[in-house]
1. Counting C-alpha atoms alone, how compact is region 209-260: give Rg to one decimal and Dmax as a whole number, in angstrom.
2. Could you give log10 I(q)/I(0) at q = 0.21, 0.23 Å⁻¹ for region 1-109, computed by the Debye formula over C-alpha point scatterers of equal weight, without solvent?
3. Give the calculated FRET efficiency between residue 251 and residue 194 to the nearest 0.05, with a Förster radius of 35 Å applied to their Cβ-Cβ distance.
4. Which order do the peptides 174-181, 88-95 take when ranked by the mean count of other beta-carbon atoms within 10 Å per residue, highest first?
5. Stick to the Cα atoms of the chain, pair each with every other, and give me the Kirkwood hydrodynamic radius in Å at one decimal.
6. Give me the three principal axis extents of region 186-279 from the C-alpha atoms, as integers in angstrom, largest value leading.
7. Which whole-number percentage describes the relative contact order of the chain, with Cα contacts under 8 Å and a sequence gap of 6 or more?
8. Kirkwood hydrodynamic radius, computed over distinct alpha-carbon pairs, for region 57-152: how many Å, to one decimal?
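Laboratory data are not the source of any read-out in this text; all were calculated from the coordinates shown. What you see is a predicted model; the values in this text were computed from it and never measured. For neighbour counting, all protein chains shown are included, and Cβ atoms are generated from backbone atoms with ideal geometry for every residue, glycine included.
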Ligand code: PAF
């Protein structure tokens, strides 16, 4: 695997691939890699000649100083994992290399997607995501880029950014990868205490029950049921639960047969914030 720490050297290497008509698949990450990331890389390997992975903990997308400071950094293990799935190129720049001295995000308009769910609770988060993902796309110039559906709102926002800016690449959303007990894989899971780790699968168990209820119950009844479930669970604090339409991400009050819905949830397990979602069928 080739490793690059600055844009110029990376671009030089990618230019050679591109001039030989090789297609580039790109998987942006913040490191602390797990099976979920590896599944994106495997998918990118299947569909492209060359796979580039970036590892960059992007400061401008964190709304919480402590979360940024404590974000797990496991670069040596990450490199081993990347080599185990035959990743071709790693790009791991410093904050200065990306932002120079101006560590601020640009302002984006994602047609309202940014104001829903995560946007209500994480001030400026999607401006930070938009800034780094656009910058990385401009550096790597991939043919396709791969993102997990765990961050479904992020995925929709990136698709919107690509469309609005006519960026010449395709965005691929990939299924959520879960631990055996159902907990959605996340780099933050390693920061859970033992007791929070034990109770965390309750989140996906609840979502699976929501999926069953969605066939026959009103949305308002389901919302109330979920809130009550979490009230009985002292180790988990529900931040939000909502059933939203996939396209607009607006919370739904009634079901319409021509629309696709998902249930979205954010929960604090102690100090660690976990998110998850599930596709619903009406
Ligand atoms: O999903 C993530 O890990 C990050 O938000 C991303 C897309 C790598 C941007 O920093």
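1. 12.1, 38
2. -1.20, -1.31
3. On the way: r = 34 Å, r/R0 = 0.98.
After rounding to 0.05, the efficiency reads 0.55.
4. Details: 174-181: 14.9, 88-95: 19.0.
The packing order, highest mean first, is 88-95, 174-181.
5. Values: mean 1/r = 0.0504 Å⁻¹.
Hydrodynamic radius (Kirkwood, Cα only) of the chain equals 19.8 Å.
6. Computed over region 186-279, the largest-to-smallest principal extents equal 42, 26, 18 Å.
7. Working: 461 pairs, mean separation 49.2, N = 282.
Once normalised by length, the contact order is 17 percent.
8. Details: mean 1/r = 0.0654 Å⁻¹.
Taking the inverse mean of 1/r over all distinct Cα pairs, region 57-152 comes out at 15.3 Å.
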